[in-house]
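What follows is a set of notes on a single structure, which appears directly below.
The values are calculated or read from the model by the stated rules, or taken from the named source; none is laboratory data. Everything numeric here is computed off the predicted structure, so don't read it as measured data. No Cβ is skipped: glycine too gets one built from the backbone with ideal geometry, and neighbour counts run over all protein chains shown. Remember, those area values only see protein heavy atoms, side chains included, never the ligands or the DNA or RNA. Shrake-Rupley method; radii C 1.70, N 1.55, O 1.52, S 1.80 Å.
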Amino acid sequence: MTLYTFRKDSRNRSNCYDDCARAWPPFVAPASTREKGALGIIERKDGTRQWTLNGQPLYFWAGDTAKGDITGHGVGGVWDAARD
């Protein structure tokens, strides 16, 4: 599934919680996972770990239903498909 970044996030900090996180689920990093290259991990305020790309937290979009969907790109003018 496509991963997205949120323009209202700051570097290594998510600002997407509650209703936002229900529509835009964070890309959760398991406890045993380690950072590698441009892929980092942050701790969310609820204690879960979330993947980042170059410091930008990564999310899925509930509106994408099939592999290759990018229907979240541009939503509200604040969501972008992640790019390296």
Any chance Thr52 is part of a loop (DSSP other than H, G, I, E, B) and either under 14 Å from the mean Cα position of the chain (by Cα) or hydroxyl-bearing (Ser, Thr, Tyr) (or both) | no
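Let's see how each residue does on (1) touching a Cys at 6+ places or on another chain (Cβ under 9 Å); (2) hydroxyl-bearing (Ser, Thr, Tyr):
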| position | (1), (2) |
| --- | --- |
| Tyr4 | no, yes |
| Ala31 | no, no |
| Pro57 | yes, no |
| Phe60 | no, no |
| Gly76 | no, no |
Going residue by residue through segment 62-71, is there one that turns out to be open to solvent by less than 80 Å² (accessible area, probe 1.4 Å) and not in a loop (DSSP other than H, G, I, E, B)? no
Expected output for segment 61-84 (first residue at pLDDT below 95, partner surrounded by fewer than 12 Cβ atoms within 10 Å (Cβ to Cβ), Cβ below 7 Å, 6+ apart or cross-chain) is Asp84/Ala38
Picked from segment 36-45 (must be in a strand (DSSP E or B) and open to solvent by 70 Å² or more (accessible area, probe 1.4 Å)), the residue farthest from Arg83 (Cα to Cα) is Glu43
Q) Has segment 14-35 got at least one residue that is charged (D, E, K, R) and either assigned to a strand (DSSP E or B) or open to solvent by less than 30 Å² (accessible area, probe 1.4 Å) (or both)? A) no
